[in-house]
Amino acid sequence: MSKDRITTLSTESLAASARAAQGKGLPPVDRWNPPFMGDLDIRIARDGTWFHEGSPINRPELVQLFSTILKREGDRFFLVTPVEKVGITVEDAPFVAVDVEAEGDGPAQELIFETNVGDRVVAGAENPIRVERDGETGEPSPYVMIRAGLEALIDRKSFYRLIELGARQDGWFGLWSGGEFFPVIPEDDLPET
């Protein structure tokens, strides 16, 4: 089967299959193991924009629908239905956390994240926060786990709000949520204020 044929069939059949599989909650993609049909020219940019064949997908409802059938296996990302699986490209994380709310404080605090596709999670043991720092610039890239190995890059405005909620614990500056402490930066590396 040619790549063009795979692309044409997959975008149409993926959307139709995803709609058919929709019920209450997310489709059980972790239980689906359909045959691999090849790679599809879909890319999720670092800012959360979805592209198909180089053009942005401008229909938010289609992006949201595809986000529900997204699956990670190792370092690869796939859109899966009960009958097909296609590979896609993800530049960084498949989602972006575009908002955060804080309820409570200290160890009882809950940080509630919302993604660009409408997922809402409370950071905690099941949905940890992690921060990677660029080796050269030291610039942080913060993430929160959304589901099944799929993370959201926390956007800049939300990260700044989180830093205002930070606490010190065992030599680290970090964040409390869901009874867990998530280290952000060693206290020794904090800038002088």
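Quick check: is even one residue across the stretch 32-50 touching a helix residue (DSSP H, G or I) at 6+ places or on another chain (Cβ under 7 Å), in a strand (DSSP E or B) and open to solvent by 60 Å² or more (accessible area, probe 1.4 Å)?
The answer is yes; a qualifying residue exists.
Please work out if residue 188 is open to solvent by 30 Å² or more (accessible area, probe 1.4 Å) and either over 23 Å from the mean Cα position of the chain (by Cα) or of a type in the set (Lys, Arg) (or both).
Yes.
Among the numbered criteria (1) in a strand (DSSP E or B); (2) under 15 Å from the mean Cα position of the chain (by Cα), which single criterion is violated by residue 63?
(1)
For the stretch 76-101, which positions are open to solvent by 60 Å² or more (accessible area, probe 1.4 Å) and either within 15 Å of residue 28 (Cβ to Cβ) or at pLDDT below 95 (or both)?
Once the filter is applied, which keeps residues that are open to solvent by 60 Å² or more (accessible area, probe 1.4 Å) and either within 15 Å of residue 28 (Cβ to Cβ) or at pLDDT below 95 (or both), the stretch 76-101 yields 82, 83.
For the structure I just gave you, tell me whether residue 156 is basic (Lys, Arg) and more than 13 Å from residue 100 (Cβ to Cβ).
no
Mind listing whichever residues of the stretch 104-128 are under 18 Å from residue 48 (Cβ atoms) and either open to solvent by 40 Å² or more (accessible area, probe 1.4 Å) or in contact with a Leu (Cβ under 8 Å, 6 or more places away or on another chain) (or both)?
Within the stretch 104-128, 114, 116, 118, 120 qualify.
Can you work out which of the residues in the stretch 59-75 that are open to solvent by 50 Å² or more (accessible area, probe 1.4 Å) and not acidic (Asp, Glu) is nearest to residue 37 (Cα to Cα)?
Ranking the candidates gives 72 first.
One residue is enough: does the stretch 134-141 have a residue meeting the conditions within 16 Å of the chain's Cα centre (by Cα) and without any contact (Cβ under 8 Å) to a residue 60 or more places away in the chain? Spell out the reasoning first.
Taking the stretch 134-141 and keeping what is within 16 Å of the chain's Cα centre (by Cα), we get 141.
This time we only want the ones that are without any contact (Cβ under 8 Å) to a residue 60 or more places away in the chain, so: 141.
Yes, that holds for at least one residue.
The values are calculated or read from the model by the stated rules, or taken from the named source; none is laboratory data. What you see is a predicted model; the values in this text were computed from it and never measured. Don't worry about glycine lacking a Cβ; one is built from the backbone with ideal geometry, like all the others, and counts go over all protein chains shown. Heads up: the accessible areas ignore ligands, DNA and RNA and are worked out on the full protein's heavy atoms, side chains in. Shrake-Rupley method; radii C 1.70, N 1.55, O 1.52, S 1.80 Å.
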